[in-house]
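The values are calculated or read from the model by the stated rules, or taken from the named source; none is laboratory data. Since the structure is predicted, the reported quantities are computational estimates derived from the model, not experimental observations. Virtual Cβ from ideal backbone geometry, glycine too; neighbours counted across all protein chains shown.
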Amino acid sequence: MQALAEEPSRSGFCVARDLVPHEDLAELRAAIELALANQSRELVEAGELPAQEGSIAGGFLDGISFLLERNVVPRGARVVGNYLRKEIADAVDRLRGQPAITRFAKAILGPRIVSTPQFAVRAHCPGRFDLCFPWHQDVFFLDLEDQVRAHIVNFWIPLVPIDADAGGLDVIKESHLYGVLPHARVQQHRDAPYFMGVEPASLPPGEIVAPELHVGDALVMLDKTVHRTRMNRSPHVRWSVDIRYIEAGRPLGRSGAALAIP
Ligand SMILES: O=C(O)CCC(=O)C(=O)O
């Protein structure tokens, strides 16, 4: 494990194969399925969805796409993002404390770590440019006095297999060695909305890698590693969760509490 844990400091990332036990991912998936079912029942009860569409909207592989296409926006805590419904928030917290993941994070960061409040459950839907984040560095989105000295590790963990079409991530190898890059409003495609991303002229020259991942694998990146979302050209939603760790005592750059890691 130690040799692999040294790879991010060289390449900016590594793929940790079979890092996350399948039972932990199954638990998160079951929590998402429960939250989707509860959310769609609430939408039907509120009259925002016809009863016969409730089970489609509650489906794991297609439900979120279905709601997006119909512009149905659930109120309150979400099934995706950072402000999560209780059913999912508890499962994500358990994953943030998952021993195999935290051991790997400690191998990179040292023995005293916390999980930062910058985490998200994501449902990237087929054919949606508006869910593709352009090239960016996570550190740019943190409120830190010293972004240069930040040292945060992101574990990007898919809940479905990631092949070239599934809407995984592209990573620029060794891009973390270029420091904090200027970001501006950029567009990935002429039909896509503008997002903050690395200014095209400042993109590092490294090789672009699109890691293929199995369920249980984690893509491990540093805060300055330049990455982006690939278009989802598959027929189904790409579910993933990203969780981050930092050495205890360092500024988090986000409001919200850190999760203590024993
Ligand atoms: O999951 C995605 O599409 C983007 C994730 C990402 O950019 C991140 O975890 O920093």
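Against the condition in a strand (DSSP E or B), closer than 20 Å to Asp130 by Cβ and under 19 Å from the mean Cα position of the chain (by Cα), how does Ser234 come out, does it pass? Answer is no for this residue. Of all residues in the range 40-53, those that are among the hydroxyl-bearing types (Ser, Thr, Tyr) have Cβ atoms under 8 Å from Cβ atoms of residues that are surrounded by 15 or more Cβ atoms within 10 Å (Cβ to Cβ) and in a loop (DSSP other than H, G, I, E, B), 6 or more apart or on another chain, in Ser40/Leu49; Ser40/Gly58.
Taking the condition touching a Pro at 6+ places or on another chain (Cβ under 7 Å) and either surrounded by 14 or more Cβ atoms within 10 Å (Cβ to Cβ) or acidic (Asp, Glu) (or both), does Gly216 pass? Against the criterion (touching a Pro at 6+ places or on another chain (Cβ under 7 Å) and either surrounded by 14 or more Cβ atoms within 10 Å (Cβ to Cβ) or acidic (Asp, Glu) (or both)), Gly216 does not qualify. Taken over the range 195-210, residues that are within 20 Å of the chain's Cα centre (by Cα) and either at pLDDT below 95 or surrounded by 16 or more Cβ atoms within 10 Å (Cβ to Cβ) (or both) amount to 4. Screening the range 104-205 for strands (runs of 3 or more DSSP E) wholly inside it with 3 or more residues that are of a type in the set (Val, Ile, Thr) and within 16 Å of the ligand (Cβ to nearest atom) returns the ranges 152-158. Just to be sure before I move on: is Gly76 modelled with pLDDT of 95 or more and surrounded by fewer than 17 Cβ atoms within 10 Å (Cβ to Cβ) in the structure I sent? Judged against the criteria, Gly76 is not a match.
Looking at the range 237-254 only, could you name the residues that are of a type outside the set (Val, Ile, Thr) and either modelled with pLDDT under 95 or assigned to a loop (DSSP other than H, G, I, E, B) (or both)? Matches in the range 237-254: Ala248, Gly249, Arg250, Pro251, Leu252, Gly253, Arg254.
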